[in-house]
Every structure is written in C-alpha cells, then in structure tokens.
C-alpha cells in the first residue's frame, strides 16, 4: 500500500513494472528518459489547479531504472518522451478508471517523442501501462477518483 | 562560385530548402542547387495573367501549418510568412442548388451538414472528434518520422486494442477504399461526395483500395487549410532566408547533370555548365527518383536490380490537374447562396460532384485518357488575401481532374486543346456562378498537365504528388522498399524529396525525415527534437 505520488508509490510502481516485464522477450534496447507532466485541473486534490507535478522516469533495457519527482525540465537531461495531461486523467489511470491508450487516442494525454519505438515495442508498452495502472495497491489519502465535478 | 561544401542539396523546393536550413543551423556548410531561375519548386507564384494578379501555379493549399515541426523550428513566421485560415474553408455546390460548407468551426460544419442528414452530421462530429484526438499521434507516428511498415503499424494497433477503443480507426482500413469507408459510415450521397472529394484533392483517390487507412488523418485536419498571404512563394522565400541567415547558400540556374561518385560514395556534383562542386559529407537529392538515380548517376553505380526497378516500377499518379488561372473584376456569386449564403465566402468550392459515382465515373474517364465533363473546383484566394490582386479585383483558380496523356494524342495533345478545355471549365463554373462572364473575367490562362511537367521536371507526367498514393507506395515502400528510408546504395547520397515518405504537398515531411537519418549517420546533434 502506498499513497499516490509519494516516493513509496514511485518505488511500488517501479517494482510493479519490472515484475511485469520480467517475462517479456524482445525488450527494447537502450534507455528512454520519460517525463510525465500532470496538470492540476481543479478536480484532483493531488495537484492544485494551475499547478503541475512532473515526474522523470528512466527506462533502461525495458526496465524501470528509477522514478522521481522533479521541478521541471532538468538541464542536461534529453527526453525521449513527454506525456502531458490533466491530473484527473492521470489519477484515473493510476486507479484503473481511465485506459491510458484511450487517453492518448482522445488527446487527453499529449504524447511527444518517437512514436515508432512505442509502436514497435507495443507489447512491452502495453504491459508497462497495465502495471502502472493495475500493479500497485494505491491509497488515496485526499480522496479517490472519480472526483465530484470531474468529467 | 565556391567549389566545396559539407552538404550539397539538389533542388530548392520546400524540401530542399528545409533540409538545407536545418543542416545550416546544425553548423554545416550547405549549398542548395536549383535548376530554375528561383527557389520554391511547387511554391511558385507568378503574375500569369496581368500585373498585380498573383497566381499560385502549383501549391495553393497549405494544410500542415502548425502541424509540421519545421514551421516552428525554422521560424517561418519570423521570416515574414503570414497564414490565413479561411473561416469558410471549403464548399460543395450540387446540381440541385444546395451547398455544403466546411467551416473552421466544427459546430458550424455539422450544422451545414445536418441540412442534408442529421445522422451524418453526428457521425461526422464523432469522426472529426476522434480523428482530431489522435491526429498528433498519427502525425508523430506516420508523418514526421522515417516510416514504419504497414505490417508493423497494424500489429501495434492490434496490440493496443485500438479497434475496440475507437469507432473509426481499424486495421481493416488497409483493405478498404475511402469509398467503402464512407459507404459504411455515411448515408447522404452529397456528403459522401464532399468527403471523397476532400480526400482526392489531398491526393488520396477515393476509389483506390487501402487508402481508407489514411482517411482519419485527412479528416483530422479537414479544417486546417491555410492560405499563404502574398502567394505560396512567400514560404519558399522564408525558407531561403533561414538558410541564408545560417550561412547556407542557394544557387539558382544551377542544373545538376551528374552526381559524382567515388568508390561507392557521393562526393559532389557536376553542373550542366561543366563546373564541379565537392561535397565533404553528403549529397541529398530532392528531385524525382528517376532523375536522381537514372540521369544523375551511372547505371554501374547502383545495383542492376534497383536500376531496373527505378526504370520500371516507380508509381506516378494516374490523374493530374488541369488549371485555369483567372484575373477577375468580381468575386463569384453563386446561385447556391440562396440556400447557403456563406458559400460566397468559401475559399475552395467543389462544383457539381453530388455522389461517389460522379467521382468514380470521372476517374474511369481520366484513366482512359479522356477529358471529363468539367466539374472544376474553384478557389478565390483574394476573398481572404486581398494583397494577391489589384484593389477591388480577385485572383481565381480553377482546377479540374484530368489525364496527363490524352487518348489518341498523348501528352502533346494538350497543346491544341488547353484553351478550349479552359473555356469549358469556365462555362461549368458560370453554371453555378452566372456572374462569371466576360465582364467579370479580365483575363485567364490555362495551365495544362503538360506544362506542369515542363515547368517542374520532377513532377513526372504531371504528377504533382511526385509518386502515387497507394498502399504499396506509402510508408517504407515509397518509392521502393530499397529506397524507403531516405538512403541509397551510394554512401552519402540521400533522397529527401516528395518521392519519399510521406508524399508531396507542402508537408516538409520528406526533408524532415531524411534529416533524422542524415543526423544519425553524421552524428549531428538533433537539436530540433525538442521533446
């Protein structure tokens, strides 16, 4: 059990991802630097309206190397992917209420980066997303999605 | 003329200039060589009729503005380019006097559509909304990256379960034509005709099997048509300015006759004048693949099998465009304005295609070398850009689907009939806009498919798309699988023109994607990948 968006939760997500991908063949080569930007939309209690929380994730050879909260873009860090969306969307994903592929297809989450790699490693990406959404026993101390007043 | 550069780029169309500008910004010493007297290629604006009337000879519609990364990366607007996104983007006028409008606003478009079918209007709203949601993903995946294969793409879509998550995007689209897609989802023949016409004018012929796979992307940007204020050539000039400001050079009237190859590597070019220029790092051609690999290099310098394929298997469009450029004292006043007043403010008007069969019949006629009964599309740029004509006047453009080679007389047959067919196109226009008479039309000139290929040598057989759009000539198979990733068998020789993925039109895509491969090969820091 870990409170959402806390260091314990990042560690749990990391473990869940690595457990999930451990049986996969053909993990992607090299490392990916992934940034997730969660934008407060007035409904999530975890990101105030107008505020943003940013997370930097390093995927190495298909496994999550580390996962940490950052203030913004860090100098010297070259991103491979940037995912940006509202807090209620990301909270919904973390609570298995929102399908991350749906969110990307509908434009609720904007994705920047080389989509070919994500497509070529679709199986890996799907497993990784599933682990993120379903692999952690998340607790929601300030309230759990869906939020009142949200979509 | 200097003799040595890091990079030599053949062709100063928008792809050549774009690639040149990126490489110059990356610190390379770049020269872009142009056969014609000016930069621009298809971004060609000329006073074809009378002084002060600016006619876009080729590219008129810029549909990737703010979607294509180079627009921002190369500060196109900072170099003086101004775009207008017309409020009434496009219209179809039908023989029954009705008209359907595409606005820059989805609600208004659906309102117009609902006058034909409320059900279709709601379907279109869902299609547009869905397509608009994933247009960024599709552009990132399909347009502005070196291409994947259709197989890779469909496998990924299946893995992500996209078919279950969307209403319109499906792996089976790769087996369907746009006609089939429209028949499955829409009911009103006039709405289907308009949507098919939109595909066709984007190069996606509605009766070709497999092209439904690209149709959602077309719908996602159906209302993103932009007009380049002052003529399309302004964009070429802006790209040239960016190139020059970053130390690059563009030389006009510099016709390449040979790519110099030494020990399997492209090391320079020879001009028709006899001069030779040395390339320290690369040569990139943005002209057609036939010129590049059959005329510019010796047959012995590429594998015989590839030489044979380039000679025999490059696919060009099986239809082209006949144009009439007009100088006008009045804007058209359509009778259909009684049904839909805003039709008089539509930038582009499709005249008379009322069903898919209307379009299909014309494709059959054109493919047989025949001239269809004219149903031109009419664009009046001056409605949204008054600077392209003298005060109070209008610049007009009629475009008609047509064959390059006429049955019985071949391409040369156009020399004798261009004027007559132009008159028929104007008559067809007048049928819908009776004021387009001799008082309103100050002057006009035809521009035939033959003239396209004469003016723009790389538009082989009038192929303004520089390669047919079919399932087996897209993505990594365009123009051939061996050449689908912008490299050639000759080390240091790249293909970066519209023969490559994604295709023609002002997409910037071929140059942008070739840049990624060149950067990887030459270890250039990809500063433009500002993720």
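Derivation of every value follows stated rules applied to the coordinates shown; laboratory data play no part. Everything numeric here is computed off the predicted structure, so don't read it as measured data. Glycine also receives a Cβ, built like all others from the backbone with ideal geometry; neighbour counts cover every protein chain displayed.
For every helix of n ≥ 4 consecutive DSSP H residues, a contribution of -39,500 (n - 2.57) applies; sum these over chain A, divide by its total residues, and give [θ] at 222 nm rounded to the nearest 500 deg cm²/dmol. Write out the running numbers ahead of the final one.
Working: 5 runs with 48 residues, N = 151.
It lands at -9000 deg cm²/dmol.
Percentage of Cα-Cα pair distances in segment B:82-217 greater than 19 Å, rounded to whole percent? Could you put the intermediate results ahead of the total?
Values: 4940 of 9180 pairs.
Everything past 19 Å amounts to 54 percent.
Any chance you could give the angle, 0 to 90 degrees and rounded to 10, that helix B:509-522 forms with the longest Cα principal axis of chain B?
20 degrees
In whole Å, how far is the Cα centre of segment B:379-457 from that of segment B:112-190?
With segment B:379-457 and segment B:112-190 each reduced to a Cα centre, they are spaced 34 Å.
Dimensions of segment A:61-151 along principal axes (Cα, Å, largest first)?
38, 30, 25
Can you tell me the Rg and the Dmax, both Å, for the Cα atoms in the protein assembly as shown?
Using the Cα atoms of the protein assembly as shown, the pair Rg, Dmax is 26.3, 82 Å.
Which angle between 0 and 90 degrees, to the nearest 10, do you get for helix B:150-159 versus the longest principal axis of chain B when only C-alpha atoms count?
For helix B:150-159, the angle is close to 70 degrees.
What is the mean number of Cβ atoms from other protein chains located within 10 Å of the Cβ atom of each residue in peptide A:108-115, rounded to a whole number? Display every interim value, and only then the final one.
Values: counts 1, 1, 3, 6, 5, 4, 8, 11.
Mean partner shielding for this stretch: 5.
What order do you get for B:219-232, B:349-362 when each peptide is scored by the mean count of other beta carbon atoms within 10 Å, highest first? All intermediate terms of the calculation are to be shown ahead of the outcome.
Numbers: B:219-232: 22.5, B:349-362: 20.9.
Ranked from most to least packed, the peptides come out as B:219-232, B:349-362.
So what is Rg over Rh here for segment B:1-132, counting just Cα atoms and using Kirkwood for Rh?
Details: Rg = 20.9 Å, Rh = 18.6 Å.
Result: Rg/Rh = 1.12.
Return the Rg/Rh value of segment A:2-139, two decimal places, where both radii are evaluated on C-alpha atoms and Rh is the Kirkwood radius.
Details: Rg = 14.0 Å, Rh = 15.1 Å.
Result for segment A:2-139 is an Rg/Rh of 0.93.
In what order do B:159, A:15, B:488 fall by count of nearby beta-carbon atoms within 10 Å, going from fewest to most? It would help to have the intermediate numbers written out before the result.
Numbers: B:159 17, A:15 14, B:488 24.
Fewest-to-most ranking of B:159, A:15, B:488: A:15, B:159, B:488.
Work out the P(r) tail for segment B:146-280: percent of alpha carbon pairs separated by more than 25 Å, whole number.
Details: 5100 of 9045 pairs.
Tail of P(r) above 25 Å: 56 percent of Cα pairs.
Suppose only helical runs count, i.e. DSSP H with n ≥ 4. What mean residue ellipticity at 222 nm does that imply for chain B under -39500 (n - 2.57) per run, divided by all residues and rounded to the nearest 500 deg cm²/dmol?
Working: 15 runs with 162 residues, N = 531.
Result for chain B, helices only: -9000 deg cm²/dmol.
Averaged across orientations, what area in nm² does the convex hull of the alpha carbons in chain B project?
Values: hull surface 93.3 nm².
The orientation-averaged projected area of the Cα hull of chain B comes to 23.3 nm².
What is the Cα centroid distance between segment B:266-306 and segment A:95-135, reported in whole angstrom?
44 Å
Just to confirm the number: angle between the C-alpha axis of helix A:122-134 and the first principal axis of chain A, 0 to 90 degrees, nearest 10?
Helix A:122-134 and the main axis of chain A meet at about 30 degrees.
Which ordering of B:178, B:213, A:93, B:417 is given by a fewest-first count of other beta-carbon atoms within 10 Å? Intermediate results must be reported in sequence, preceding the final value.
Numbers: B:178 29, B:213 25, A:93 22, B:417 16.
Placing the least packed residue first, the sequence is B:417, A:93, B:213, B:178.
Could you tell me the convex hull volume per residue, in Å³, taken over the Cα atoms of segment B:433-531?
Working: hull volume 18.9 nm³, N = 99.
Each residue corresponds to 190 Å³ of Cα convex hull volume.
For the residues B:515, B:127, what sequence is obtained by ranking on other C-beta atoms within 10 Å, fewest first?
On the way: B:515 28, B:127 23.
So the ranking, lowest neighbour count to highest, is B:127, B:515.
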